[in-house]
1. List pairs: first in segment 26-54 and closer than 26 Å to M101 by Cα and small (G, A, S), second modelled with pLDDT of 85 or more and in a loop (DSSP other than H, G, I, E, B), Cβ under 8 Å, 6+ apart or cross-chain?
2. Could you please give the count of residues in segment 27-39 that are surrounded by fewer than 16 Cβ atoms within 10 Å (Cβ to Cβ) and in contact with a strand residue (DSSP E or B) (Cβ under 8 Å, 6 or more places away or on another chain)?
3. Could you please find all residues in segment 1-14 being assigned to a loop (DSSP other than H, G, I, E, B) and not charged (D, E, K, R)?
4. Within segment 27-60, work out how many residues are aliphatic (A, V, I, L, M) and part of a loop (DSSP other than H, G, I, E, B).
5. Is segment 15-26 home to any residue that is assigned to a loop (DSSP other than H, G, I, E, B), crowded, with 17+ Cβ neighbours inside 10 Å and either modelled with pLDDT of 90 or more or out of contact with any His (no Cβ under 7 Å at 6 or more places or on another chain) (or both)?
6. Restricted to segment 55-75, and to residues that are buried (at least 21 other Cβ atoms within 10 Å of the Cβ) and in contact with a Leu (Cβ under 7 Å, 6 or more places away or on another chain), which residue is farthest from G17 (Cα to Cα)?
7. Is it the case that some residue within segment 34-51 is under 14 Å from the mean Cα position of the chain (by Cα) and charged (D, E, K, R)?
Amino acid sequence: MTRAEYLLVTMGGRRCGIPAERVITVLRRVGIHAFPAEEAAFLGLARYSSDAVGVFDGATLFGLRESPGPEPAEPVVIMVSGGAGRTSEPFGLLVEEAERMVSVGEEGETLPSPEEMLICDPANLVASRGRDKP
């Protein structure tokens, strides 16, 4: 088994792992400006660096619930890339909590079972939609 690193987060009440190579940064207490859209998971826009980027409810986007739940008291937005490495345009995932980075595999921690941690890779979302954004 090769070594892999994940950011452990909580989305929709589930513990999830986002592959570290997709994570750009973790933003806390970020303002999300509502913006109407047809996509149920789309929450609005947030400022990242000097750009406005789309923010999606992580649990809805990954199918852990049908529509966005209430915004957490202290929103955490994980800026991710859905392309190879960090080359595609970033987008944000609203999560309930960001815990820590874990290393699994060769000399790392044991990979939690699917009941303990669901792997949520933004690249799978982009690939399934056939474009460079979720």
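1. A46/G31; A46/I32
2. 6
3. Residues satisfying the conditions are M1, T2, G12, G13.
4. Quick first cut of segment 27-60, residues aliphatic (A, V, I, L, M) only: 27, 30, 32, 34, 37, 40-41, 43, 45-46, 52-53, 55, 59.
Subset that is part of a loop (DSSP other than H, G, I, E, B): 30, 32, 37, 40-41.
Residues that pass the stated criteria total 5.
5. Quick first cut of segment 15-26, residues assigned to a loop (DSSP other than H, G, I, E, B) only: none.
No, there is no match, as no residue in segment 15-26 is assigned to a loop (DSSP other than H, G, I, E, B), crowded, with 17+ Cβ neighbours inside 10 Å and either modelled with pLDDT of 90 or more or out of contact with any His (no Cβ under 7 Å at 6 or more places or on another chain) (or both).
6. Filtering segment 55-75 down to residues buried (at least 21 other Cβ atoms within 10 Å of the Cβ) leaves 55-62.
Those still in the list that are in contact with a Leu (Cβ under 7 Å, 6 or more places away or on another chain) too: 55-58, 61.
Details: V55: 18, F56: 17, D57: 15, G58: 12, L61: 14 Å.
Among them, the one singled out is V55.
7. no
The values are calculated or read from the model by the stated rules, or taken from the named source; none is laboratory data. These figures come from a predicted structure and were not determined experimentally. Heads up, the Cβs are rebuilt from the backbone with ideal geometry, glycines too, and the neighbour counts pull from every protein chain shown.
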